[in-house]
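Read the structure below first, then the notes.
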Amino acid sequence: MKHMEWTFPLRTRNVRAGCRIRSLVRAVSFLILVFGLSGASCSSGSSADLVPQNVKKVWKGKVVSITDGDTFDVLNGREKTRIRLEGIDCPEKKQPFGQRARQSLSELCFRQSVRVEETGRDRNRRVIARVYLEDGRCINHEMLRQGMAWHFTRYSEDPEYAALERRARSLRTGLWADPHPVAPWDWRTRKRKAK
């Protein structure tokens, strides 16, 4: 039996159209990726799965200890990392509401799996981060919502942080029940001057 070879005529016009469609699909995919990620921020819900532009590293771990209202340790494999919550400042341990802020943070995340979005390091080499619970809630936001933190405007201009603090103040939630709350940065300055 003789082998027969089948060939189909290719039209140049169809090949060029296919290339144009593939190029268009690539361009649209790129635009979706760029514009889809650019608006992500620390908020509850599905946007916790998106990575904001200023995030340097994203990883998951388990909270193993609470230092104070805005600092805790996360275990990632065998490595323990000290985390300082970005954009907020909680009362110091010996300051009014300091222990309550620590307790609130503990109730939120101790022994919980979290998603850490590193945005930098502070002068003490702690990782500055936005941290999310498995249900998508942002711990930074939750501390402000509970009235256990100030928006740390020296290092953050985030309008959502400011709005959460204003709301907690207006509802006199947490530390805002105190008629004369002292910001932690003022408390630290007074302590340094007293020495």
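The values are calculated or read from the model by the stated rules, or taken from the named source; none is laboratory data. The structure presented is a predicted model; accordingly, all values stated were derived computationally and were not measured. As a convention, Cβ positions derive from the backbone with ideal geometry for all residues, glycine included, and neighbour counts pool all protein chains shown.
Report, by residue number, each residue of the range 120-156 that is polar (S, T, N, Q), under 15 Å from ILE83 (Cβ atoms) and at pLDDT below 95.
Within the range 120-156, ASN124 is the sole residue that qualifies.
Check the range 127-134 and report whether any residue there is touching a residue at least 24 places away in the same chain (Cβ under 8 Å), among the hydroxyl-bearing types (Ser, Thr, Tyr) and surrounded by fewer than 21 Cβ atoms within 10 Å (Cβ to Cβ). Full working, then the answer.
First, the residues of the range 127-134 that are touching a residue at least 24 places away in the same chain (Cβ under 8 Å): 127-133.
Subset that is among the hydroxyl-bearing types (Ser, Thr, Tyr): 132.
Within this subset, residues satisfying the condition of being surrounded by fewer than 21 Cβ atoms within 10 Å (Cβ to Cβ) are none.
No, because not a single residue in the range 127-134 is touching a residue at least 24 places away in the same chain (Cβ under 8 Å), among the hydroxyl-bearing types (Ser, Thr, Tyr) and surrounded by fewer than 21 Cβ atoms within 10 Å (Cβ to Cβ).
With the requirement that a residue be free of Cβ contacts under 8 Å to residues at least 40 places away in the same chain and farther than 12 Å from GLU92 by Cβ, what does the range 180-190 give you? Full working, then the answer.
Narrowing the range 180-190 to residues free of Cβ contacts under 8 Å to residues at least 40 places away in the same chain: 180, 186, 189-190.
Within the range 180-190, just HIS180 meets the criteria.
Matching residues to (1) in contact (Cβ under 8 Å) with a residue 60 or more places away in the chain; (2) part of a helix (DSSP H, G or I):
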| residue | (1), (2) |
| --- | --- |
| VAL116 | no, no |
| GLY120 | yes, no |
| ALA162 | no, yes |
| ARG192 | no, yes |
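Condition test on ARG102, is it surrounded by 14 or more Cβ atoms within 10 Å (Cβ to Cβ), under 20 Å from GLY61 (Cα atoms) and free of Cβ contacts under 8 Å to residues at least 40 places away in the same chain?
For ARG102, the condition - surrounded by 14 or more Cβ atoms within 10 Å (Cβ to Cβ), under 20 Å from GLY61 (Cα atoms) and free of Cβ contacts under 8 Å to residues at least 40 places away in the same chain - is met.
Does the range 77-85 include one or more residues that are assigned to a loop (DSSP other than H, G, I, E, B), on the phi > 0 side of the Ramachandran plot and either modelled with pLDDT of 55 or more or of a type in the set (A, V, I, L, M, F, W, C) (or both)?
Yes, some residue in the range 77-85 is assigned to a loop (DSSP other than H, G, I, E, B), on the phi > 0 side of the Ramachandran plot and either modelled with pLDDT of 55 or more or of a type in the set (A, V, I, L, M, F, W, C) (or both).
In the range 151-195, what count of residues is obtained for those that are crowded, with 18+ Cβ neighbours inside 10 Å, aromatic (Phe, Trp, Tyr) and within 22 Å of the chain's Cα centre (by Cα)?
2
Scan the range 61-72 and give yes if some residue there is modelled with pLDDT under 95, outside any helix (DSSP H, G or I) and either among the hydrophobic types (A, V, I, L, M, F, W, C) or within 20 Å of PHE152 (Cα to Cα) (or both), otherwise no.
Checked against the condition, which is being modelled with pLDDT under 95, outside any helix (DSSP H, G or I) and either among the hydrophobic types (A, V, I, L, M, F, W, C) or within 20 Å of PHE152 (Cα to Cα) (or both), the range 61-72 yields no hits at all.
Restricting attention to the range 52-90, and to residues there that are polar (S, T, N, Q), within 22 Å of TRP150 (Cα to Cα) and surrounded by 15 or more Cβ atoms within 10 Å (Cβ to Cβ), which single residue is farthest from the chain's Cα centre (by Cα)?
THR67
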